[in-house]
Amino acid sequence: MRVEEYSHNHAETHVPDATRTQIRSVLQRTHKKGRWTSAQVRKEILRQLTDLGWSDPVRIHKDSKISITSILGEIGLCLQTGNMGRFYADLIKLDTLFRNKHISGAIYLIPLKGLALQLGSNIANFERFVEELSIFQATVSVPLAVFGFAGEDA
């Protein structure tokens, strides 16, 4: 897969190089000929992350069912392959964990626009996420490494 990375709030100093390299490798190893479905993308990426020690979904508060995709050490992770409107909730969840000192940084995995268009209509995409994230620079405080991914043909 093709992978692009964006750093929000100096993520490169809060998310270890080794972790970012690991994520990049997972995304680059995720291959499939033909068209993907959102479920296939999620399943394959999550399988690889679990093999590397990333957790199952983690609740952001003991009294809530609201969760993020995974945590490894002090790094939270969200994988978004769904509707565009869901990424705002992910930002709030990651920022809440950061402000409550449960994580020191975060990773966000999201399809590049070409793959998002193949997955369906109004699917969240890297380009829009990064553009809108910059608008919330003063609001979203979590250091966030954003990875966009797509097959070579997307």
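The values are calculated or read from the model by the stated rules, or taken from the named source; none is laboratory data. The shown structure was predicted, so the numbers you read here are calculated from the model rather than taken from an experiment. Cβ atoms come from the backbone with ideal geometry, glycine included; neighbour counts cover every protein chain shown. Side chains included, ligands, DNA and RNA excluded: accessible areas come from the protein's heavy atoms. Shrake-Rupley method; radii C 1.70, N 1.55, O 1.52, S 1.80 Å.
Take the range 28-51 and flag every residue that is touching a residue at least 60 places away in the same chain (Cβ under 8 Å), open to solvent by less than 70 Å² (accessible area, probe 1.4 Å) and not hydroxyl-bearing (Ser, Thr, Tyr). Steps first, please.
Residues of the range 28-51 that are touching a residue at least 60 places away in the same chain (Cβ under 8 Å), as a first pass: 30-32, 35-38, 41, 45.
Next cut, open to solvent by less than 70 Å² (accessible area, probe 1.4 Å) only: 30, 36-38, 41, 45.
Scanning the range 28-51 gives TRP36, VAL41, ILE45.
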Query - Residues satisfying the stated conditions in the range 1-40, i.e. under 19 Å from LEU117 (Cα atoms) and not charged (D, E, K, R) - result: MET1, VAL3, LEU27, THR30, HIS31, GLY34, TRP36, THR37, SER38, ALA39, GLN40
Report task. Examine the range 83-101 for a residue that is aliphatic (A, V, I, L, M) and assigned to a strand (DSSP E or B), and state whether such a residue exists. Result -> no
Report summary line: Among the residues of the range 120-131, the number that are part of a helix (DSSP H, G or I), open to solvent by 30 Å² or more (accessible area, probe 1.4 Å) and not basic (Lys, Arg) is 2
Requested in this report: Tell me, please, whether a residue that is open to solvent by less than 60 Å² (accessible area, probe 1.4 Å) and acidic (Asp, Glu) can be found in the range 52-70.
Outcome: no
Query - Single unsatisfied condition, ASP63 versus (1) outside any helix (DSSP H, G or I); (2) of a type in the set (Asp, Glu); (3) touching a residue at least 24 places away in the same chain (Cβ under 8 Å) - result: (3)
Requested in this report: Exactly one condition in (1) open to solvent by less than 50 Å² (accessible area, probe 1.4 Å); (2) part of a strand (DSSP E or B) is not met by SER25; state its number.
Outcome: (2)
Query raised in the report: Within the range 3-13, is there a residue that is in a helix (DSSP H, G or I), touching a residue at least 60 places away in the same chain (Cβ under 8 Å), open to solvent by less than 80 Å² (accessible area, probe 1.4 Å) and not acidic (Asp, Glu)?
Result: yes
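Which one of LEU91, LEU109 is under 18 Å from LEU46 (Cβ atoms) and not β-branched (Val, Ile, Thr)?
Details: LEU91 fails: under 18 Å from LEU46 (Cβ atoms).
That would be LEU109, the only listed residue that is under 18 Å from LEU46 (Cβ atoms) and not β-branched (Val, Ile, Thr).
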**Report entry** Count of the range 80-104 residues which are more than 18 Å from SER67 (Cβ to Cβ) and crowded, with 18+ Cβ neighbours inside 10 Å
**Finding:** 0
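Does LEU109 fit the bill of being in contact (Cβ under 8 Å) with a residue 12 or more places away in the chain and assigned to a helix (DSSP H, G or I)? Give the steps one after another, and end with the answer.
Numbers: in contact (Cβ under 8 Å) with a residue 12 or more places away in the chain: yes; assigned to a helix (DSSP H, G or I): no.
Criteria not met by LEU109.
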